[in-house]
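These notes concern the structure reproduced below.
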Amino acid sequence: MSADDASTGRPPRPQYGEYATPEEQRARIQRPEVTEALDAGVAPAPAAEPEPVPASATSPLVRGPRWDRILTFGLLVYGLVSTVSTIVQLLDFPNYAESAARILGSQASYTNLSAGYVWGAAAALAYGVGWLVTAVLTWRRLGRGRVAFWVPLVGFVVTATIAAVCVTIALTGDPQFMSGLLAAVPN
């Protein structure tokens, strides 16, 4: 306590801003001229109105939870690998159908080649477009900082359903192949 403060009975004058309100502290930090004016015993000049800054320039990069980004990225990569390998198989639809028949224990041969190639290509296109749409929707959601792991899962279900319809049409369009499959099913 200084001698001047002791004679008046007032508390000591703050030296480091300990009695300043948070607003006063921020003003001193942001505007050095406020500190200089207050130290000189003069009222500081009011702050000029700042120019508005576009929201895109001030908003930081928004990120969702780390576990979501890792899981989402893993699902997209797995989906891409799976999609590419499935597209390659579907483009040779007769071989694809006969491989499926062998897995089911049948020696059926796929004979409706023209329909098989058309519907196989349609199913391959569905997988490719489905993955691209899923990836775009996922990245948009991740860019907004929202949980996105479910988007690749839903995208897979929708895409696989559309492709399954195409494959089913191709398989049922070959009566000889279907009778060979049904013959292998035990009664």
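The values are calculated or read from the model by the stated rules, or taken from the named source; none is laboratory data. The structure displayed is predicted, hence computed values, not measured ones. Using ideal geometry, Cβ is built from the backbone for each residue, glycine included, and neighbour counts are taken over all protein chains shown.
In table form, for the structure just shown:
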item	result
Residue in region 85-103 that is over 18 Å from the mean Cα position of the chain (by Cα), crowded, with 16+ Cβ neighbours inside 10 Å, modelled with pLDDT under 95 and of a type in the set (Asp, Glu) present	yes
Candidate set from region 140-156 (those that are of a type outside the set (Gly, Ala, Ser) and loosely packed, with under 15 Cβ neighbours inside 10 Å); member that is nearest to LEU75 (Cα to Cα)	LEU153
Among residues of region 122-147, those that are touching a Ser or Thr at 6+ places or on another chain (Cβ under 8 Å) and modelled with pLDDT under 95, counted	1
Residue match in region 58-71 (condition: modelled with pLDDT of 90 or more and buried (at least 20 other Cβ atoms within 10 Å of the Cβ))	no
Cβ-Cβ under 8 Å pairs, at least 6 apart or on other chains, region 139-168 side closer than 10 Å to ASP68 by Cβ, far side among the β-branched types (Val, Ile, Thr)	ARG141/VAL147; ARG141/VAL151; LEU142/THR72; GLY145/VAL62; ALA148/THR72; ALA148/THR138; PHE149/THR72
